[in-house]
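Below is one structure, written out as structure tokens, with a few remarks after it.
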Amino acid sequence: MQGTILSIGNELLIGKTINTNLSIIAKTLYAMGIEVNQALCVKDDVHSIHQALSQIDDAFIIITGGLGPTPDDLTKEAVCAFYGLELTLHQKSLKRIKDTFKTMHKTMDNSNLKQAYFPKSAIVLNNDNGTAPGAIFQVGHQTIVLLPGPPTELMPMLEPVKTYLLEHLDFEVFHGGYLVVGIGESEMEHQLEGFYNAHKDVLIAPYAGLGEIQYIFTSKDEMALKNALKAFHKRFRDVIVGPYDTPLEHIVVQALQAQNKTISFAESCTGGLLAGRLINVPGVSHVFNESYVLYSDNAKIKRLGVHQSIIDQFGAVSNQCVYELSYQLAQRTGADISVSVSGIAGPDGGTKDKPVGTVFFGITHEGRTKTMHHIFVGDRQMIRQKAVAFALNLVIKTLT
């Protein structure tokens with residue numbers, strides 16, 4: 001099956017908003033064996049939407065954005081007008097929207113009423129994070145899916161969309177994959193030379209993030225998929241941390257929970273990103289109690305007792321400093337694992353010996369403290385995010 005992703009929104013075309021939905025949806029469809037034939041982006045305009053739809057003949061169209069209550073949110077109305085579909089009030093959706101406003105202790109505005117109108121044949125998708133429901137409906141040979149623009153509202157709706165599509169696909173698709181950390185995409189691709197040709201019945205797609213890569217395998221041949229996954233794992237087991245669809249922070253929390261251990265952080269250049277990443281995981285309070293963000297030298301000295309002589313002789317970005325931070329952190333928090341991070345995120349502050357991107361890590365576990373450093377490439381935010389992924393992977397390696 002081939003599909004088209006149609007993104008609607010003036011904010012996308014002027015660069016105000018990054019179209020992250022395209023990546024999210026394309027990855028989801030790929031894992032299901034649906035080939036994205038094209039991706040279009042048009043403004044909030046009836047003529048532009050109709051013009052785009054007239055160019056699409058794919059069996060599956062997923063449309064995002066423009067389902068809000070404001071006058072410029074006209075996606076649903078424009079799409080249904082194009083296909084000649086009448087909109088009728090969906091009472092269950094209206095009730096859910098009213099209940100959402102009651103929860104917020106607000107009165108629903110009349111403008112929100114239009115969000116409860118859908119074609120009679122539509123399967124309405126509930127929105128637990130907003131007031132704009134989505135919908136799935138058939139028009140001739142085409143399946144149309146309408147989803148809201150905000151990713152926090154869109155992503156949960158992809159699950160019922162996947163369920164619907166899997167029930168209606170005329171073939172079975174098998175998928176799997178791995179999350180890889182600690183190796184760059186270019187190095188991975190070099191090491192994968194010949195691998196793709198050896199597994200021609202399996203589609204293998206890498207999705208590179210900052211410091212981590214998802215490898216998604218898809219095939220109509222279940223045995224071919226299993227063989228490819230087995231071969232990939234054998235070749236790259238040292239850098240595989242878990243399944244491709246399990247976030248790195250979840251893997252860390254699962255490992256800590258399995259061993260009934262706690263963790264704490266002392267962060268400098270990452271400024272709390274490491275702790276924030278872990279707090280993304282529900283139930284993390286069982287393994288995470290406290291953390292320090294110690295950005296200045298004085299804070300490192302005052303809060304965790306790093307000696308002034310260490311800062312003077314070796315600097316805050318050094319093995320000696322992260323060693324003390326991690327060791328002292330373990331003593332003060334009683335955590336089973338303590339991790340410290342200090343580095344130069346840039347754009348200034350680098351030297352010949354410690355260029356921008358240099359980050360030192362300390363980790364204390366079972367009475368022993370180890371240190372290491374790595375030089376990351378990228379801008380300030382990229383360096384910080386890569387350092388977080390490196391630190392989380394360091395925790396996994398320490399535990400396993």
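The values are calculated or read from the model by the stated rules, or taken from the named source; none is laboratory data. Because the structure is a prediction, the values reported are computed rather than measured. Counting neighbours? That spans all protein chains shown, and the Cβs are built from the backbone with ideal geometry, glycine included.
Would you point out which residue out of SER318, SER342 is closer than 27 Å to VAL253 by Cα and either touching a residue at least 12 places away in the same chain (Cβ under 8 Å) or buried (at least 19 other Cβ atoms within 10 Å of the Cβ) (or both)? First the steps, then the outcome.
Working: SER318 fails: closer than 27 Å to VAL253 by Cα.
Just a single option satisfies the conditions, and that option is SER342.
For the subset of the stretch 370-393 comprising residues that are charged (D, E, K, R) and surrounded by 15 or more Cβ atoms within 10 Å (Cβ to Cβ), which member is farthest from GLY315 (Cα to Cα)?
Filtering the stretch 370-393 down to residues charged (D, E, K, R) leaves 370, 379-380, 384, 386.
After this cut, where a residue has to be surrounded by 15 or more Cβ atoms within 10 Å (Cβ to Cβ) as well, the list is 370, 380, 384, 386.
Working: LYS370: 18, ARG380: 20, ARG384: 19, LYS386: 22 Å.
That would be LYS386.
Tallying residues that are aliphatic (A, V, I, L, M), free of Cβ contacts under 8 Å to residues at least 24 places away in the same chain and assigned to a strand (DSSP E or B) within the stretch 199-225 yields 1.
Can you tell me which of LEU154, LEU179 is at pLDDT 95 or above, assigned by TED's automatic domain parsing to the domain that holds GLY134 and either on the phi > 0 side of the Ramachandran plot or not hydroxyl-bearing (Ser, Thr, Tyr) (or both)?
Values: LEU179 fails: assigned by TED's automatic domain parsing to the domain that holds GLY134.
Within the list LEU154, LEU179, the selection yields LEU154.
Beta carbons closer than 7 Å, at least 6 apart along the sequence or on distinct chains, pair a first residue in the stretch 268-282 that is hydroxyl-bearing (Ser, Thr, Tyr) with a second that is surrounded by fewer than 22 Cβ atoms within 10 Å (Cβ to Cβ) for SER268/TYR295. Kindly check whether there is at least one residue in the stretch 154-173 that is out of contact with any Leu (no Cβ under 6 Å at 6 or more places or on another chain), touching a residue at least 12 places away in the same chain (Cβ under 8 Å), among the aliphatic types (A, V, I, L, M) and within 30 Å of ILE337 (Cβ to Cβ). Checking the stretch 154-173: not a single residue is out of contact with any Leu (no Cβ under 6 Å at 6 or more places or on another chain), touching a residue at least 12 places away in the same chain (Cβ under 8 Å), among the aliphatic types (A, V, I, L, M) and within 30 Å of ILE337 (Cβ to Cβ).
Condition check ((1) in contact with a Ser or Thr (Cβ under 7 Å, 6 or more places away or on another chain); (2) acidic (Asp, Glu); (3) not assigned by TED's automatic domain parsing to the domain that holds ALA391) across all residues:
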| site | (1), (2), (3) |
| --- | --- |
| ASP201 | yes, yes, yes |
| PRO206 | no, no, yes |
| MET223 | no, no, yes |
| ALA228 | no, no, yes |
| PHE232 | no, no, yes |
| THR262 | no, no, no |
| CYS269 | yes, no, no |
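Screening the stretch 1-88 for helices (runs of 4 or more DSSP H) wholly inside it with 3 or more residues that are within 25 Å of the chain's Cα centre (by Cα) and in the same structural domain as LEU154 (by TED's automatic domain parsing) returns the ranges 10-13, 20-31. Do we find that LYS230 is free of Cβ contacts under 8 Å to residues at least 12 places away in the same chain, under 23 Å from LEU248 (Cα atoms) and not polar (S, T, N, Q) in this structure? So LYS230 passes the test.
Does the stretch 90-99 contain any residue that is more than 30 Å from ILE216 (Cα to Cα), hydrophobic (A, V, I, L, M, F, W, C) and over 26 Å from the mean Cα position of the chain (by Cα)? Spell out how you get there, then give the answer.
Taking the stretch 90-99 and keeping what is more than 30 Å from ILE216 (Cα to Cα), we get 90-99.
Subsequent filtering for residues that are hydrophobic (A, V, I, L, M, F, W, C) retains 94, 97.
From what is left, the residues that are over 26 Å from the mean Cα position of the chain (by Cα) are 94, 97.
Taking every residue of the stretch 90-99 in turn, at least one turns out to be more than 30 Å from ILE216 (Cα to Cα), hydrophobic (A, V, I, L, M, F, W, C) and over 26 Å from the mean Cα position of the chain (by Cα).
Restricting to the stretch 230-254, count the residues that are over 13 Å from LEU179 (Cβ atoms) and either of a type in the set (Phe, Trp, Tyr) or surrounded by 15 or more Cβ atoms within 10 Å (Cβ to Cβ) (or both). Outline the logic, then answer.
Of all residues in the stretch 230-254, those over 13 Å from LEU179 (Cβ atoms) come to 230-231, 234-235, 238, 253.
Now drop any that are not either of a type in the set (Phe, Trp, Tyr) or surrounded by 15 or more Cβ atoms within 10 Å (Cβ to Cβ) (or both), which leaves 253.
Within the stretch 230-254, residues that are over 13 Å from LEU179 (Cβ atoms) and either of a type in the set (Phe, Trp, Tyr) or surrounded by 15 or more Cβ atoms within 10 Å (Cβ to Cβ) (or both) number 1.
Here ALA78 meets the list (1) closer than 22 Å to LEU13 by Cβ; (2) surrounded by fewer than 16 Cβ atoms within 10 Å (Cβ to Cβ); (3) not charged (D, E, K, R) almost entirely, failing just condition (2).
Figure legend. Inter-residue proximity from the stretch 376-400: first residues closer than 17 Å to GLY362 by Cα and in the same structural domain as PRO355 (by TED's automatic domain parsing), second residues basic (Lys, Arg) and part of a helix (DSSP H, G or I), beta-carbon distance below 6 Å, spacing 6+ or different chains. Indicated pairs: PHE376/LYS386; VAL388/ARG277. Note on the stretch 72-91: residues that are of a type in the set (Phe, Trp, Tyr) and either touching a Cys at 6+ places or on another chain (Cβ under 7 Å) or in contact (Cβ under 8 Å) with a residue 60 or more places away in the chain (or both) total 1.
Beta carbons closer than 7 Å, at least 6 apart along the sequence or on distinct chains, pair a first residue in the stretch 98-118 that is farther than 9 Å from PRO69 by Cβ with a second that is of a type in the set (D, E, K, R) for MET108/LYS98.
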